[in-house]
């Protein structure tokens with residue numbers, strides 16, 4: 001039963017990361033970054049760090065990996081937005 005639960009968790013991770021990667025790609029190609037909130041990334045990164053700690057404490061490898069990947073997408077998104085804002089200035 002645990003294997004089935006883990007497979008569901010990994011499947012959810014793949015779907016979520018694919019969705020976030022697509023959004024980052026779309027943001028990177030967009031002409032404007034004004035609609036991208038810095039607070040979205042700050043909140044996402046903070047929540048990810050807290051969820052990583054929580055997931056590690058409860059021993060969930062699926063959620064540790066998932067939240068590390070979500071944190072990475074937030075960092076990439078924020079770096080991309082900052083670079084675009086600097087180029088426009």
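Read the figures in this text as sums done on the coordinates, not as results from a lab. Owing to the predicted nature of the structure, the values given are computational and were not obtained by experimental measurement. Note that we place each Cβ from the backbone using ideal geometry, even for glycine, and neighbour counts take in every protein chain shown.
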Residue exposure sequence - 10, 39 - by fewest surrounding Cβ within 10 Å: 39, 10
Length released on extending from residue 29 to residue 86, taking residue separation times 0.36 nm less the Cα-Cα span: 19.0 nm
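For the residues 19, 4, 73, what sequence is obtained by ranking on other C-beta atoms within 10 Å, fewest first?
On the way: 19 11, 4 8, 73 20.
Ranking 19, 4, 73 by Cβ neighbours within 10 Å, fewest first, gives 4, 19, 73.
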Quick one: length gained pulling residue 37 to residue 8 fully straight, 0.36 nm per residue minus the C-alpha distance? 7.3 nm
Residue order, fewest to most beta carbons within 10 Å, for 60, 48: 60, 48
From the helices alone, meaning DSSP H stretches of at least four residues, give me the mean residue ellipticity at 222 nm for the chain, per-run term -39500 (n - 2.57), in deg cm²/dmol to the nearest 500. -31000 deg cm²/dmol
Matching label for the computed Cα extents along the principal axes in Å, out of (i) 38, 26, 23; (ii) 67, 21, 16; (iii) 54, 22, 14, is (iii)
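Please give the length that would be gained between residue 79 and residue 47 if that part of the chain were fully extended, namely 0.36 nm times their separation in residues minus their C-alpha to C-alpha distance (nm, one decimal). Please report the intermediate quantities before stating the final value.
Details: separation 32, 0.36 × 32 = 11.52 nm, distance 1.78 nm.
Full extension of this stretch gives 9.7 nm more.
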With an 8 Å Cα cut-off and a minimum separation of 6 or more residues, compute the relative contact order for the stretch 2-88 in percent. 38
